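Structure record follows, encoded as structure tokens.
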Amino acid sequence: MNKCSHTTLPLILGVFLLIAFTNPAYAQVNVVEALIEFKNLDGLVKSLKPEELNTLARQKTLKVFEVHEGRERQYKVYPAQSVFDQMFGPSWRIADEIIFTCQDGYRPSIPVAKFLTYDAYLAVASADSKPFTLSNALQNHEVVALGPAYLIWDNLKSPALLDEGASDMPYQIARIELASFAARFPGMFPPAGASAETKRGFLHFRKYCMACHTINGQGGGKAPELNYPVSVIEYFKPGYLKQWIDNPASLRYNTTMPALTVAIPEREKVIEEIIAYLTAMRDVKRMRPAGNSKQ
Ligand code: HEC
């Protein structure tokens, strides 16, 4: 028995533990197998592993313009309409919104009408010999895992979708939920008697901001609350708020908030209407966290 083993063994163990706790490949061993939960207005319908989507629809390969990377990519996908038909029955088509809750806290609420107008797909793997990850050019080229599932749109067939940017393309989807927006997020509504500009701003906020941010505790879980207890309207100079939405990186180095999509029509007006909505919400502060919990 040499002296050395007393010192090297703990060292080796220490290095192993260090690797085990810092290396994501090891960390994943402890993660419970990823499931996608489907909920309707009455509660849980079913939880599935991504590969079990093949019991609901036929898998195919789809080429899209990958908005997050600014180039074309191919994914293995299931048509969303077929999955929803099988999972929820045909009545999903007359529902109000579909809310996607993601592992990273992102939570977009997408109108059902969009799924009836354009072809959406749930991607479960990469089909171009790359890992099922992407380098998100919209958020500092952060490399993100896309599974359990990633919502994409056939934007080569419908180029109008390209102007919308990436807000309706959630990845790391852990739950898909049929919902009535008003019942799920009552705290986000502008006050009674709000102007038409404020109401339009509310619609833009739902489309471009709420997936990450909360208002009165309701919305996404990826970025700070913007209204309670002190509204951003109260501590941002108006000019700076406009500049922030237009181009956050021009105010804060290394920020991970993406700029509002450049291609959206009447972008300047959209920003002003979003600010009108935030201004109106300043007068209706209330903490209603119920709609924001992970359940
Ligand atoms: C993809 C997620 C995401 C989206 C979408 C998003 N934000 Fe953000 N936002 C962030 C993150 C992350 C921060 C914190 C960034 C930082 O501090 O650098 C942030 C910070 C902010 C802040 C500053 C808050 C503070 O007190 O510092 C404001 C204001 C804001 N966002 C407004 C908006 C508005 C308005 C929209 C819609 C046009 C929007 N955000 C869309 C992620 C997002």
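The values are calculated or read from the model by the stated rules, or taken from the named source; none is laboratory data. Values in this document were obtained by computation on a predicted structure and should not be read as measured data. All Cβ positions, glycine included, derive from the backbone under ideal geometry; neighbour counts span all protein chains shown. Ligands, DNA and RNA are stripped out before the accessible areas are found, and what is left, the full protein with its side chains, is counted by its heavy atoms. Shrake-Rupley method; radii C 1.70, N 1.55, O 1.52, S 1.80 Å.
Some points to look at:
- For Ala166, the requirement of being modelled with pLDDT of 95 or more, under 28 Å from Met87 (Cα atoms), in the same structural domain as Val45 (by TED's automatic domain parsing) and among the small types (Gly, Ala, Ser) is not met.
- Residues that are open to solvent by less than 60 Å² (accessible area, probe 1.4 Å), closer than 14 Å to Ala211 by Cβ and touching a Gly at 6+ places or on another chain (Cβ under 9 Å) occur at least once in segment 85-102.
- Taking the conditions (1) open to solvent by less than 10 Å² (accessible area, probe 1.4 Å); (2) closer than 25 Å to Ala34 by Cβ in turn, Leu138 satisfies each one other than (1).
- The set of residues from segment 234-275 being closer than 21 Å to Phe185 by Cα and either open to solvent by 30 Å² or more (accessible area, probe 1.4 Å) or within 9 Å of the ligand (Cβ to nearest atom) (or both) comprises Ile274, Ile275.
- Per the listing Tyr208, Tyr228, the residue uniquely in contact with a Gly (Cβ under 9 Å, 6 or more places away or on another chain), at negative phi and near the ligand (Cβ under 9 Å from one of its atoms) is Tyr208.
- Residues being surrounded by fewer than 11 Cβ atoms within 10 Å (Cβ to Cβ) and within 21 Å of Val112 (Cα to Cα) - total across segment 31-50: 2
- Checklist (1) more than 12 Å from the ligand (Cβ to nearest atom); (2) buried (at least 21 other Cβ atoms within 10 Å of the Cβ); (3) part of a helix (DSSP H, G or I) applied to Leu278, failing item: (1)
- Failed item, numbered, when Val230 is tested on (1) more than 16 Å from Glu273 (Cα to Cα); (2) in contact (Cβ under 8 Å) with a residue 60 or more places away in the chain; (3) part of a loop (DSSP other than H, G, I, E, B): (2)
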